[in-house]
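Trainee: The structure's right below; bear with me while I get my questions together.
The values are calculated or read from the model by the stated rules, or taken from the named source; none is laboratory data. Being a predicted model, the structure only gives us computed values, none of them experimental. Please note: Cβ atoms are built from the backbone with ideal geometry, for glycine as well, and neighbour counts cover all protein chains shown. With ligands, DNA and RNA removed, areas are computed over all heavy atoms of the protein, side chains included. Shrake-Rupley method; radii C 1.70, N 1.55, O 1.52, S 1.80 Å.
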Amino acid sequence: MADPRNESPLFDTDAILRKAYFGVWLLSLVFAGFAIWGIVRYPHWSWTLPVVAAAVALAANHRLRNASRRGETVLLAVVTLVFVVGSGVMLDVALRLARA
């Protein structure tokens, strides 16, 4: 059995993973930017949830770039997707709560 520390990351060989990485990176930054804009425009505690979700998505996405096993890649991809979608949904919830 090969040493997992010597395996190259799947990011280096999978073009779809590279495109998904960039897309998630961009979406997370956009969602975090909208949440920060919301904090300035409509101050409310609910804006922290999208910012935290976007930060977790960025962290999982960065870890996904260095993953070398398929199982780890799938798990991190699912976590990343859940937190990106959660960030987008929480932006809508935060906007509704802040405007109310």
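Trainee: Among Leu10, Leu58, Ser46, which residue has its Cα positioned farthest towards the positive end of the charge dipole of the chain, with +1 placed on the Cβ of Lys and Arg, -1 on the Cβ of Asp and Glu, and the dipole taken about the Cα centre?
Mentor: With unit charges placed on the Cβ atoms, the residue in question is Ser46.
Trainee: Mind running the shape call on region 47-100? Use the C-alpha gyration tensor, a ≥ b ≥ c as the square roots of the eigenvalues: rounded below 1.5 for a/c, prolate if a/b tops b/c, oblate otherwise.
Mentor: Taking the square roots of the gyration eigenvalues as a ≥ b ≥ c, region 47-100 is prolate.
Trainee: How much of the accessible area of region 27-99, in percent, comes from carbon and sulfur atoms when a 1.4 Å probe is used?
Mentor: The C+S portion of the solvent-accessible surface of region 27-99 is 74 percent.
Trainee: Compute, for the chain, the length of the dipole vector about the Cα centre, with Cβ point charges of +1 (Lys, Arg) and -1 (Asp, Glu) only. Units Debye, rounded to 20.
Mentor: The calculation lands at about 260 debye.
Trainee: How much accessible area per residue does the chain have, counting only protein heavy atoms and a probe of 1.4 Å, in square angstrom?
Mentor: Per residue, the chain has an accessible area of 66 Å².
Trainee: Measure off 7 Å from each Cα along the Cα-to-Cβ vector at Ala100 and Ala55, then give the distance between these two points in nanometres to one decimal.
Mentor: Computed distance between label sites Ala100 and Ala55 equals 2.5 nm.
Trainee: What is the ratio of the Cα radius of gyration of the chain to 2.2 N^0.38 Å, with N the residue count, to two decimals?
Mentor: Cα-based Rg divided by the globular estimate yields 1.27.
Trainee: Can you tell which of Val84, Val52, Val24 shows the greatest fluctuation in a Gaussian network model of the chain with Cα springs below 10 Å?
Mentor: Ranking Val84, Val52, Val24 by mean-square fluctuation puts Val52 first.
Trainee: Please give, to one decimal in nm, the separation of the simple spin-label points placed at Arg41 and Glu72, each 7 Å out from Cα toward the Cβ.
Mentor: Placing both labels 7 Å beyond Cα along the Cβ direction yields 4.0 nm.
Trainee: Would you be so kind as to identify all helices of the chain, as entire DSSP H runs, whose Cα atoms reach 20 Å or more along the helix's own axis and whose mean Kyte-Doolittle hydropathy is at least 1.0?
Mentor: Those that clear 20 Å and a mean of 1.0 are 15-41, 70-99.
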